[in-house]
Each structure stands twice: as C-alpha cells, then as structure tokens.
Amino acid sequence: MNRATALAIAVTVAIIAIILLLSQCQTMRSRAGQERVEDAQAGAATNSAADAIATQSNANQRERASAELDRINERSIRNAPGADAEVDPRAADAGRRALCLRDAYRDQPACKLLFAAPR
C-alpha cells in the first residue's frame, strides 16, 4: 500500500469518526431535551394536582364553616325569647316570600312551590 492510499484511508476513517461523533452528540442533545420536557411535564402535573387538592380542601373548609354557621343560627333562633310563640300565618308567609326572592333561597323546594306558575 502506498502512502497516498494510506492517507486516503486515514482521512476516510477520520471523516467517518467525526460524522459518528457529531451524530452521537446530536442524539445526546436530543435525549437531554426530551428529558427536560418530560421533567417539566411531570412538575406541571404535580403542581396541578397540588392546586386541585388545595382547591378542594378550601371548598370543604367553606362548606364546614357554612354548616357550622347554620347550626349556630338555628340554635340562636330556637333559644331566643318568644321562639315558641305562635306567629300569624300571614306574617310567616310574607317572611317566606321575602326569603324566596333572594338568590340563595330561590331554588329551595318550598320557594318553588310558592312561586309555581299558575295553570
């Protein structure tokens, strides 16, 4: 083998080695990018789950506070002086109608009966 052939083979091997090295570097960069994306997605899913749990927990706390307020109000009304006195039915009806005009009570079954459409 002459020197020119050996040099040509060496250059060809070097070019092939460089191409393989560049290809390997690109593959490693691609894998690293994919791993970063997957890590970010996992972090986002974890954050979303934590937000959902916190939201549900806050809703549960508000519901418990509302139920406790209902119990306190009921006790206060039932234990108030005169709570056992008879109320004129017309006054009771006027009170119910007034409450049923409020959004908080409008969908209660008793309110729906009060304002049922005439037939």
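The values are calculated or read from the model by the stated rules, or taken from the named source; none is laboratory data. All of these numbers come straight from a predicted model, not from anything done at the bench. Glycine gets a Cβ as well: all are built from the backbone with ideal geometry, and neighbour counts include every protein chain shown. These area figures cover heavy atoms from the full protein model, side chains too; ligands, DNA and RNA do not enter into them. Shrake-Rupley method; radii C 1.70, N 1.55, O 1.52, S 1.80 Å.
For the range 1-67, the equivalent ellipsoid derived from the Cα gyration tensor has semi-axes of 64, 4, 4 Å, listed largest first. The alpha-carbon atoms of the range 39-105, seen along their principal axes, cover 69, 26, 8 angstrom, with the largest extent given first.
The GluC sites (Glu not before Pro) of the range 1-88 meeting both criteria, a DSSP state outside H, G, I, E and B (loop) and at most 10 other C-beta atoms within 10 angstrom of the site's C-beta, are E86.
Accessible surface for the chain, divided over its residues, is 89 Å² per residue with a 1.4 Å probe.
Spacing of the modelled spin labels on L101 and Q34, each 7 Å from Cα toward Cβ, amounts to 6.8 nm.
Separation of the range 1-43 and the range 72-119, taken as the distance between their Cα centroids, equals 81 angstrom.
Taken about its Cα centre, the chain carries a charge dipole of roughly 380 debye when the Cβ of each Lys and Arg holds +1 and the Cβ of each Asp and Glu holds -1. Across A14, A80, A54, mean-square fluctuation computed from a Gaussian network of the chain (C-alpha pairs under 10 Å connected) peaks at A14. Angle of helix 89-100 to the longest C-alpha principal axis of the chain, folded into 0 to 90 degrees and rounded to 10: 20°.
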